Amino acid sequence: MITVHHLNNSRSQRVLWLLEELGVPYEVKRYERDARTMLAPAELRAVHPLGKSPVITDGAVTLAESGAIIEYLAGKYADGRLVPPADTPERLRYTYWLHYAEGSAMPPLLMSLVFSRVRNAPAPFFVRPIARGIADKVMNSFVSPQIRLHLDYMEGELGKATWFAGNEFSAADVQMSFPLEAAAARGGLDASRPKLKAFLDRIHARPAYQRALAKGGPYELMR
Ligand SMILES: N[C@@H](CCC(=O)N[C@@H](CS)C(=O)NCC(=O)O)C(=O)O
């Protein structure tokens, strides 16, 4: 039996969703973020040394890193579904977006989260304007322009086909959901990028997505 070690409000929601799309049985072991630090509890380190989510266990296999988990589950359980055929342009796009989500799209979104925390962190009154000044400078000069660059790029790519890998829904769309949901929560993704908004509306309407939400519990990404 596959166990998904699932942290609330996190990337592991994608793994639940993929398993629901595939109709593969699994169990969820839930972990709660620390309310102040937002970090995962220490018990997750007993499963994988980094103590981050998602992690899955499947028999003797313990696997972290959402892209690797998606590849593993699709390779072992999808029976050709949700992965474009080998040696096609769609398969190359599939591989590209599977890596792009965490490798390129997430870093500026994570920086945005970190600098908004720096900006709003409790600090002595004479430190606060300095912390705000630094955070605003980094956000305005680097992070926000980078997020806009990526959003424009993704918007353009979704103008070429319905889904990220092509006209068929694939596991790459599952992987791409998290950066887009994070961008909607804190990266300025709004109606000015209609293709990306329509992508989010389409995935949220999928029955498997809804079932995964019911299994995973609260899923509200940080602003
Ligand atoms: N690139 C990794 C990132 C894993 C990651 O950072 N997960 C976050 C949840 S979204 C986490 O566990 N945060 C809590 C912590 O770092 O303690 C992946 O895609 O799986």
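Tell me yes or no: at least one residue of the stretch 170-191 is of a type outside the set (Ser, Thr, Tyr), at positive phi and either touching a residue at least 60 places away in the same chain (Cβ under 8 Å) or open to solvent by 10 Å² or more (accessible area, probe 1.4 Å) (or both).
Initially, the stretch 170-191 is screened for residues of a type outside the set (Ser, Thr, Tyr), giving 171-176, 178-191.
Add one more test, that the residue is at positive phi, and what stays is 188.
Then drop every residue that is not either touching a residue at least 60 places away in the same chain (Cβ under 8 Å) or open to solvent by 10 Å² or more (accessible area, probe 1.4 Å) (or both), which leaves 188.
Checking the stretch 170-191: at least one residue is of a type outside the set (Ser, Thr, Tyr), at positive phi and either touching a residue at least 60 places away in the same chain (Cβ under 8 Å) or open to solvent by 10 Å² or more (accessible area, probe 1.4 Å) (or both).
Check 165, 131 and return the single one that is in a helix (DSSP H, G or I) and either among the small types (Gly, Ala, Ser) or touching a Gly at 6+ places or on another chain (Cβ under 6 Å) (or both). I'd like the intermediate steps shown before the answer.
Working: 165 fails: in a helix (DSSP H, G or I).
Testing whether each residue is in a helix (DSSP H, G or I) and either among the small types (Gly, Ala, Ser) or touching a Gly at 6+ places or on another chain (Cβ under 6 Å) (or both) leaves just 131.
Return yes or no: is residue 90 open to solvent by 60 Å² or more (accessible area, probe 1.4 Å), under 27 Å from residue 184 (Cα atoms) and either away from the ligand (no atom under 16 Å from the Cβ) or at pLDDT 95 or above (or both)? Let's see the steps before the verdict.
Numbers: open to solvent by 60 Å² or more (accessible area, probe 1.4 Å): yes; under 27 Å from residue 184 (Cα atoms): yes; either away from the ligand (no atom under 16 Å from the Cβ) or at pLDDT 95 or above (or both): yes.
Yes; evaluated as a whole, the condition is true for this residue.
Pairs meeting the criteria (first residue in the stretch 40-61 and more than 11 Å from the ligand (Cβ to nearest atom), second residue in a loop (DSSP other than H, G, I, E, B) and of a type in the set (Gly, Ala, Ser), beta carbons under 9 Å, at least 6 apart or on different chains) are 43/51. When the test is whether a residue is farther than 21 Å from residue 107 by Cα and open to solvent by less than 80 Å² (accessible area, probe 1.4 Å), residue 166 passes it. Filtering 82, 110 for residues that are buried (at least 18 other Cβ atoms within 10 Å of the Cβ) and modelled with pLDDT of 95 or more leaves a single hit, 82.
Looking at this structure, is residue 14 near the ligand (Cβ under 9 Å from one of its atoms) and either at pLDDT below 95 or of a type outside the set (Phe, Trp, Tyr) (or both)? Lay out the reasoning, then the answer.
On the way: near the ligand (Cβ under 9 Å from one of its atoms): yes; either at pLDDT below 95 or of a type outside the set (Phe, Trp, Tyr) (or both): yes.
In short, yes.
Among residues of the stretch 124-145 that are among the hydroxyl-bearing types (Ser, Thr, Tyr), those with a beta-carbon under 9 Å from a residue that is assigned to a helix (DSSP H, G or I) at least six positions away or on a different chain give the pairs 144/108; 144/112. Screening the candidates 191, 131, 184 for the property of being touching a helix residue (DSSP H, G or I) at 6+ places or on another chain (Cβ under 8 Å) and within 19 Å of residue 10 (Cβ to Cβ) yields one hit, 184.
Could you check, for the stretch 45-59, whether at least one of its residues is modelled with pLDDT of 95 or more, open to solvent by less than 30 Å² (accessible area, probe 1.4 Å), of a type in the set (Gly, Ala, Ser) and at positive phi? Among the residues of the stretch 45-59, at least one is modelled with pLDDT of 95 or more, open to solvent by less than 30 Å² (accessible area, probe 1.4 Å), of a type in the set (Gly, Ala, Ser) and at positive phi, which makes the answer yes.
For the stretch 66-97, the set of residues classified as free of Cβ contacts under 8 Å to residues at least 24 places away in the same chain and aliphatic (A, V, I, L, M) consists of 68, 86, 92, listed by residue number.
To keep it simple, each residue is scored yes or no on (1) touching a Phe, Trp or Tyr at 6+ places or on another chain (Cβ under 7 Å); (2) open to solvent by 20 Å² or more (accessible area, probe 1.4 Å); (3) of a type in the set (A, V, I, L, M); (4) under 30 Å from residue 64 (Cβ atoms).
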residue: 126; (1), (2), (3), (4): no, yes, no, no
residue: 138; (1), (2), (3), (4): yes, yes, yes, yes
residue: 146; (1), (2), (3), (4): no, yes, no, yes
residue: 151; (1), (2), (3), (4): no, no, yes, yes
residue: 196; (1), (2), (3), (4): no, no, yes, yes
residue: 199; (1), (2), (3), (4): no, no, no, yes
residue: 203; (1), (2), (3), (4): yes, no, yes, yes
residue: 215; (1), (2), (3), (4): no, yes, no, yes
residue: 218; (1), (2), (3), (4): no, yes, no, yes
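Out of the residues in the stretch 60-79 meeting the condition of being assigned to a strand (DSSP E or B) and not hydroxyl-bearing (Ser, Thr, Tyr), tell me which one is surrounded by the most Cβ atoms within 10 Å (Cβ to Cβ). Before you say what the answer is, go through the steps one by one.
Taking the stretch 60-79 first, the residues assigned to a strand (DSSP E or B) are 61-64.
When the remaining residues are screened for being not hydroxyl-bearing (Ser, Thr, Tyr), the result is 61, 63-64.
Numbers: 61: 10, 63: 16, 64: 18.
Restricting to residues being assigned to a strand (DSSP E or B) and not hydroxyl-bearing (Ser, Thr, Tyr), the top hit is 64.
The values are calculated or read from the model by the stated rules, or taken from the named source; none is laboratory data. Everything quoted here is computed from the prediction, not taken from an experiment. Methodologically, a virtual Cβ is constructed for each residue, glycine included, from the backbone with ideal geometry; neighbour enumeration extends over all protein chains shown. Surface areas here come from the heavy atoms of the whole protein model, side chains and all, with no ligands, DNA or RNA. Shrake-Rupley method; radii C 1.70, N 1.55, O 1.52, S 1.80 Å.
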